[in-house]
Amino acid sequence: MDPRHLYQFAMIVDLGSMNHAARRLNVTQPTLSRMVRILEDQVGSSLLRRDRYGVTPTRIGEALAQEGRAIAGSALRADDAIDQWRLGLTKELRIGVGPVLAVALMGRFLEQALASDWKSALRIEVGSVARLINRLDQGELDVVFAPSRINRGQARLTQEVVLEDRIAVYAGAKNPLAGRSGIVPNEELAGQRWIAMGAVSGLRGSTREVLQLLGLKNDGVFMNFSGDATIALHLLNSSDVMCVLPRRLVNLLPGSRKFTEVRVGVELPSRNVAIWTSGTNHDLPAIRLLRERFIAFAHEPADR
């Protein structure tokens, strides 16, 4: 089966139109129609359903489209490799970043890297900690910036703490507890509307664990977010919700912040940031340089 045919077929399926795919691929529609017939002859079954709205794949058609997408992905990676070579860059470094860290620090860190003599190509992926650690374990990422304490086995992975931090409780801008001085008693924390970030990421020091530490066993989380911090931060800036977040990263968030920390009567867990790598990659020069530069960056004055 010709890989080029699978690539073209995936384009037809994804665009839902023979005409649109022909324009995107810079070929004629009859050419694509002949290609589809060739594939159908090879398979011995129809690959597309046609109606007045366009085309949709049959079950076997979708399976072939998946293979075509994989071929397209390989072609894109080849193009990236050529671009890196032309720019004089070395091996691509695939970096995973947790959502709060991505908002608080990574933009400025990468801005600094761009201004330096950085020689590695970078591919950045932001997502839930659980997903990123799993991809690192499977060899699909080289480095992950994530909390150092997670509830999962990671025997093949190594970590090094690069930023010390601790969990704190925050009240949304419209919450009566926002801006309160002094320690807030637990009974005033009861019945609040709690949201959680990283709720399915296997983090120690999760919102539910903090609620238990505060003796709020009857309280729960009514809204969970995973893989992105933008919506949760918006709610904190615009409503009365409450949330637990890493204090140092919150203090490093860009722009104005309307939500405030609420002092509580118990010590909350640490939430240190670590650079996670596989054991075999830990001492690679590019990763060692990344680690050294991030540590130096993270310890610069906060008003940088």
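The values are calculated or read from the model by the stated rules, or taken from the named source; none is laboratory data. From a predicted model like this one, the values you see are computed outputs, not experimental measurements. Note: ideal-geometry Cβ built from the backbone for every residue, glycine included; neighbour counts use all protein chains shown.
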Could you tell me which of the residues Glu62, Glu67 is within 16 Å of Gln8 (Cβ to Cβ), among the charged types (D, E, K, R) and free of Cβ contacts under 8 Å to residues at least 60 places away in the same chain?
Glu62
Being touching a strand residue (DSSP E or B) at 6+ places or on another chain (Cβ under 8 Å), surrounded by 18 or more Cβ atoms within 10 Å (Cβ to Cβ) and among the β-branched types (Val, Ile, Thr) is true for just one of Val161, Val169. Which residue is that?
Val169
For Leu189: the one exception among (1) buried (at least 16 other Cβ atoms within 10 Å of the Cβ); (2) in the same structural domain as His282 (by TED's automatic domain parsing):
(2)
Please go through (1) among the aliphatic types (A, V, I, L, M); (2) under 26 Å from Arg123 (Cα atoms); (3) without any contact (Cβ under 8 Å) to a residue 24 or more places away in the chain for Val43 and return the number of the only condition it doesn't satisfy.
(2)
I need the full set of residues from region 249-268 which are surrounded by fewer than 16 Cβ atoms within 10 Å (Cβ to Cβ) and over 17 Å from Ala104 (Cα atoms), in order please.
Arg263, Gly265, Val266, Glu267
Can Val273 be described as out of contact with any strand residue (DSSP E or B) (no Cβ under 8 Å at 6 or more places or on another chain) and more than 19 Å from Asn175 (Cα to Cα)?
no
Any chance Arg291 is within 24 Å of the chain's Cα centre (by Cα), outside any strand (DSSP E or B), assigned by TED's automatic domain parsing to the domain that holds Val129 and within 24 Å of Val126 (Cα to Cα)
yes
Can you find even one residue in region 46-54 that is assigned to a helix (DSSP H, G or I) and of a type in the set (A, V, I, L, M, F, W, C)?
no
When residues of region 205-223 are limited to those that are within 20 Å of Ala104 (Cβ to Cβ) and of a type in the set (S, T, N, Q), the one surrounded by the most Cβ atoms within 10 Å (Cβ to Cβ):
Thr207
Restricting attention to region 103-122, report how many residues are in contact with a Leu (Cβ under 7 Å, 6 or more places away or on another chain) and of a type in the set (Lys, Arg).
1
Tell me yes or no: at least one residue of region 6-22 is assigned to a loop (DSSP other than H, G, I, E, B), without any contact (Cβ under 8 Å) to a residue 24 or more places away in the chain and surrounded by fewer than 14 Cβ atoms within 10 Å (Cβ to Cβ).
no
I need every pair where a residue in region 133-147 that is touching a residue at least 40 places away in the same chain (Cβ under 8 Å) has its Cβ under 9 Å from the Cβ of a residue that is surrounded by 22 or more Cβ atoms within 10 Å (Cβ to Cβ) and among the polar types (S, T, N, Q), sequence separation at least 6 or different chains.
Ile133/Ser201; Leu136/Thr277; Asp142/Thr277; Val143/Thr277; Val144/Thr277; Ala146/Ser201; Pro147/Ser201
